[in-house]
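As structure tokens, the structure follows; a few thoughts come after it.
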Amino acid sequence: MEKRMVVAQTDCPARLVPAGTKITIPKDTFVTITQALGGNYTVVINGNMARVDGTDAGALGLKAESLEFAENENNEIIEEQVWQALKSIYDPEIPVNLVDLGLIYSMEIDRDAKAVNINMTLTAPACGMGPVLVSDIKYRVAKVPNVETVNVELVFDPPWTRDMMSDEAKLATGLFF
């Protein structure tokens, strides 16, 4: 995608890159879209990079991504829906979701607390996108019905290797050999 400028149609939630700090892009503000991967957008606003979740893209006049989950009569968190949300989150630099990249080490549901606890890693410990990815996970998993709290811990043991990627991710990135 080429860089292009758009005007925020309504106030738009975003997160600063790489810190992950929440901001609001005010209505009628010009932003430059520099990247569109995995349904998310990296934009430049007032000289700062920010990430707009695809589910909020309508605020920028773009087609919003939709996360839809089946209703649950028991008011419980459904594990498959959490995995669905996790698979909708893509690495900002590689067009592969975090699950297929092998970055999600574990996911546990605390049904009493209505919380989801996730251990994840990064492709490299010095990756500057860690806070943004953690923020993406918290934002998307919180959209799963009945989730009230999302806890994400970055861990680096064991270190990530490309062997942790799914075969599909290896094919998509040309690392299948």
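For this structure, a couple of remarks:
- Phi to ³J(HN,Hα) by Karplus 6.51 cos²θ - 1.76 cosθ + 1.60 over the stretch 148-164, Hz, x for Gly, Pro: 9, 9, 10, 10, 10, 10, 7, 10, 10, 10, x, x, 5, 9, 5, 5, 7
- Fraction of alpha-carbon pairs over 18 Å apart in the stretch 1-64 - percent: 20 percent
- With eigenvalues of the C-alpha gyration tensor scaled by 5 and rooted, the stretch 67-163, Å: 24, 14, 11
- P(r) tail, the stretch 41-95: Cα-Cα pairs separated by more than 12 Å, 74% of all pairs.
- For Val96, nonlocal amide neighbours, meaning residues 5 or more places apart or on other chains whose placed amide H falls under 5 Å from its own, are Asp91.
- Per-residue packing, averaged as other Cβ atoms within 10 Å, sorts the ranges 161-174, 32-45 into the order 32-45, 161-174, beginning with the highest.
- Inter-label distance, nm, simple model (7 Å from Cα along the C-beta direction), Glu65/Glu93: 1.9 nm
- Share of carbon and sulfur in the accessible heavy-atom surface of the chain [1.4 Å probe, %]: 49 percent
- Sorted largest first, extent of the chain alpha carbons per principal axis (Å): 45, 41, 25
- Near the amide H of Tyr105, within less than 5 Å, lie the amide hydrogens of Asn119, Met120, Thr121, all on another chain or at least 5 residues away, with H placed in the peptide plane.
- What the phi angles of the stretch 43-58 give under the Karplus curve with 6.51, -1.76 and 1.60, with θ = phi - 60°, is a coupling list of 10, 10, 10, 6, x, 10, 8, 9, 10, 10, 5, x, 6, 9, 4, x Hz, glycine and proline written as x.
The values are calculated or read from the model by the stated rules, or taken from the named source; none is laboratory data. No experiment lies behind these values; they were computed from the predicted model shown. Note that we place each Cβ from the backbone using ideal geometry, even for glycine, and neighbour counts take in every protein chain shown. Accessible surface is based on the protein model in full, side chains and every heavy atom, while ligands, DNA and RNA are left aside. Shrake-Rupley method; radii C 1.70, N 1.55, O 1.52, S 1.80 Å.
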